[in-house]
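Novice: Got a structure here, written out as structure tokens. Questions coming.
What follows is calculated from the coordinates using simple rules that are stated; it is not laboratory data. Note that the structure is a prediction, hence the values are computed from the model and not measured. A quick note on method: Cβ atoms are made from the backbone with ideal geometry, for glycine too, and the neighbour counts reach across all protein chains shown.
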Amino acid sequence: MTDTLVDIAGGQADVAVRFGPLSDSTLTARKLGESRRVIVASPDYLARHGTPQVPEDLHQYNCLNFNFRRAEPVWPFCWSGRDFAMSVKGSIEGNNGETLGQLAAIGVGIARVGAFSVAQEIAEGRLVPILEEFNPGDVEAIHAVFVGGATIPARIRVFVDFLATRLR
């Protein structure tokens, strides 16, 4: 398991799970679902630094970002019916949503991650969603990608069916 973009067609893996828009390729893709993106911080971090009230307030906070090429370098928002994107800065960048969520949970900063990766922390009160009223319906698609064609190996078909059922 890795967040590195692997070469499926080149045989580095049988199946990849990709988040976000897919690039054009000869691979077969099966949509597994969607994940809402959420901006979160720990109650402790917010108690120490205050809670941002509007997106522009984030310029005064430590925002934890993704550092891989396919990640957008901005966070999207909607205010008064107008969509806009804003750059944020912070002391840490990572290539893994779970890691950024854990860093936010221990009070390092504010993160924008897939809701699925921080659902337990939110349920336990270790993270709280913030700026929800400015969320533009920030959702990313989740796909399984694999070499397709007339003869997909049974192990791949069964695994992708399992993922589709499990992630529904």
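Novice: When Kirkwood radius over Cα pairs in Å is calculated directly from the model, which label among (i) 17.3; (ii) 16.6; (iii) 16.0 fits?
Specialist: Label of the calculated value: (i).
Novice: Let me ask something additional. Tell me the relative contact order for the range 35-140 as a rounded percent, counting alpha carbon contacts under 8 Å between residues six or more apart. Working shown, then result.
Specialist: On the way: 193 pairs, mean separation 49.4, N = 106.
Relative contact order comes out at 47 percent.
Novice: Starting at the first residue of the range 123-131, write each ³J(HN,Hα) from the Karplus equation 6.51 cos²θ - 1.76 cosθ + 1.60 with θ = phi - 60°, in whole Hz, x for Gly and Pro.
Specialist: So the Karplus estimates, Gly and Pro as x, are 4, 7, x, 7, 9, 10, x, 10, 6 Hz.
Novice: Hey, another quick one. What FRET efficiency comes out for ARG36 versus ARG155 if R0 is 35 angstrom and r is the Cβ-Cβ distance? Round to the nearest 0.05. Could you put the intermediate results ahead of the total?
Specialist: Numbers: r = 31 Å, r/R0 = 0.89.
Given R0 = 35 Å and the Cβ-Cβ separation, E is 0.65.
Novice: Any chance you could check the Cα centroid distance between the range 94-166 and the range 1-57 for me, in angstrom?
Specialist: After rounding, the separation between the Cα centres reads 6 Å.
Novice: On to the next question. Taking θ as phi - 60°, what are the ³J(HN,Hα) couplings along the range 41-49 by the Karplus curve (6.51, -1.76, 1.60), each to the nearest whole Hz, with x for Gly and Pro?
Specialist: Coupling constants for the range 41-49: 8, 7, x, 5, 4, 5, 5, 7, 10 Hz.
Novice: Non-local amide H neighbours of ASN62 (under 5 Å, H modeled in plane, Pro and chain starts lacking H): which ones?
Specialist: ILE110
Novice: Still on this model: What are the ³J(HN,Hα) couplings of the range 5-10, residue after residue, when phi is run through the Karplus curve with 6.51, -1.76, 1.60 and θ = phi - 60°? Round to Hz, x for glycine and proline.
Specialist: 6, 8, 8, 5, 4, x
Novice: Once amide H atoms are built 1.01 Å from N in the peptide plane, which residues 5 or more positions from GLY94, or in another chain, come under 5 Å H to H?
Specialist: Answer set, sorted by chain and number: ASN65, PHE66, ASN67.
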